[in-house]
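The values are calculated or read from the model by the stated rules, or taken from the named source; none is laboratory data. Predicted model only: the values in this text are computed from it and were never measured. Ideal geometry is used to build each Cβ from the backbone, glycine not excepted, and the neighbour counts take in all protein chains shown. In case anyone asks, the SASA skips ligands and DNA or RNA and just uses the protein heavy atoms, side chains included. Shrake-Rupley method; radii C 1.70, N 1.55, O 1.52, S 1.80 Å.
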Amino acid sequence: ASCLVGSEMCIRDRIKTIIGRIWDLEIIFKRYHLDPRFLGRTSLKVIVPTLLTECDYESLTVDNGVGATKTWSEMITLLQSFEGAVGSSDMTKILKHSFDLLAYCAMDTLVMVKLFDYLEQLLLRSGVGQLELPIVNQKLK
């Protein structure tokens, strides 16, 4: 069935298909890839410095999820009261926050791609084959 582009139903359907393609790689680290260097933990704060030493969040102005949430909130607050003056200090702050968040999101995306590649390479080396993603879609209990 087709939908009108931009209609609420069409947008809802598109969001549902996107949600169906989102995978939580943490499930694999919790259930299937136990590394003693993780000390029983599976957060990105532990996995990334252990497996992906080239991905350095500490070099970023926004270097964690709490900081991203705080920066987003500050940016939205500034935008809500923004008068639109070019060159204003608020405009400068808004632009800085947006670039800082973009850098953080880019690092998060790179980390997810590299973790997926890391896991897939492990499977290929073990002879299992490519990473089968349906196991990733399972909810943690």
Which condition number in (1) open to solvent by 80 Å² or more (accessible area, probe 1.4 Å); (2) farther than 30 Å from V128 by Cα; (3) more than 17 Å from the chain's Cα centre (by Cα) is the one that K70 fails?
(3)
What are the residues in the stretch 73-106 that are acidic (D, E) and surrounded by 12 or more Cβ atoms within 10 Å (Cβ to Cβ), if any?
E74, D90, D100
Flag for T109 being open to solvent by less than 30 Å² (accessible area, probe 1.4 Å), hydroxyl-bearing (S, T, Y) and within 20 Å of the chain's Cα centre (by Cα)
no
